[in-house]
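Heads up: the structure comes next, in structure tokens.
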Amino acid sequence: MLNIHNLSISFGGEYLFEEITFRLGAGDRVGLIGKNGAGKSTMLKILSGEMEPDTGQIAMDKDLKIGFLKQDIDFAEGRTVLEESYQAFEEIKQLEKKLEEINHQLAERTDYESEAYHQLMVDLNDVQHQYEIHGGYNYQGETERILQGLGFKREDFNKLTDTFSGGWRMRIELAKLLLQQNDILLLDEPTNHLDIESIIWLEGFLNNYPGAVVIVSHDKMFLDNVTNRTIEISLGRIY
């Protein structure tokens, strides 16, 4: 799935880590641990493609989708909790727009026997098929299920995101990530703003997640309950 070979990065002439090599496979649940400043968050940024290493290679499967939960988030103003969560479904929203455009054209036409009308019907069928394949008929219910798992109540769904604290907005960002069906999840302190019930729910979700997960967390119990591998960064090396 993803191979890291001889990865090195330095700051101010000092190596944060040097010639690190490891592999991530489907089903891996990796706890990335180490002292503060060891380079855990930097490693996640490199794996996500947000930061380039000084040397080394990262080889990955074609069309691999990577989701990264960072500590800093930036929401557009004026969206409700549901509207922001639906940003996870870019392809579905584009297909919805196409469906709306085609249906609008069909409603305005009366040349039912023409080739152009027939082509619109073919296009409509194709887009509806793609919409179904991408989960267009299920995404709203799935969004509500995950938001509730992370502690939101139904009455919160139509509230604006800017009325919530940073911790609750981080939950929305986590919900979007879980909804995207990524192949690899990179989670930087995902339990920081969660209560016990939400942590237990997240543990269950991740234990059933088909892809790979890399987690940086100070919550040892959470790591014990979710991960099946541990990688420790210490003095520029991994163990």
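Every number in this text was worked out from the coordinates using simple rules, so none of it is lab data. Predicted model only: the values in this text are computed from it and were never measured. Using ideal geometry, Cβ is built from the backbone for each residue, glycine included, and neighbour counts are taken over all protein chains shown.
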Study note, to complete from the structure: With Rh as the Kirkwood radius over Cα pairs, the chain has Rg/Rh of 1.07
Practice item. Could you tell me what % of all Cα pairs in the range 1-57 have separations over 13 Å? Key: 63
Point to revise | Cα-based shape type of the range 9-148, given that a ≥ b ≥ c are square roots of the gyration tensor eigenvalues and the cut on a/c is 1.5 | key: prolate
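Restrict the search to the range 111-157; then list the GluC sites (Glu not before Pro) that DSSP places in a loop and that have at most 10 other Cβ atoms within 10 Å of their Cβ. Please list the in-between numbers first.
Numbers: sites: Glu113, Glu115, Glu132, Glu142, Glu144, Glu155; in loops: Glu113.
Here the sparse-neighbourhood loop sites are Glu113.
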Point to revise | Distance-filtered residues of the range 214-239 - backbone nitrogen under 13 Å, label point 7 angstrom along Asn36 Cα→Cβ | key: 218
Practice item. Taking 7 Å along the Cα-to-C-beta vector as the label spot, tell me the Asp72-Met221 distance in nanometres, rounded to one decimal. Key: 3.3
Review point. Applying 1/(1 + (r/R0)^6) with R0 = 22 Å to the Cβ-Cβ distance of Gln105 and Gln140, what FRET efficiency is obtained, to the nearest 0.05?
Key: 0.30
Study note, to complete from the structure: In Å, the C-alpha Rg and Dmax of the range 90-133 are 11.0, 35
Practice item. Which order do the peptides 52-65, 179-192, 90-103 take when ranked by the mean count of other beta-carbon atoms within 10 Å per residue, highest first? Key: 179-192, 90-103, 52-65
Review point. Using Cα atoms only, what is the angle between the long axis of helix 139-149 and the major principal axis of the chain, expressed in degrees (0 to 90) to the nearest 10?
Key: 40
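Before anything else, pin down the relative contact order of the chain: Cα pairs under 8 Å, at least 6 apart, normalised by residue count, whole percent.
Values: 357 pairs, mean separation 82.7, N = 239.
Over the chain, the number comes to 35 percent.
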**Study point:** Inter-site label distance for Gln87 and Arg229 at 7 Å from Cα along Cβ, in nm
**Key:** 3.1
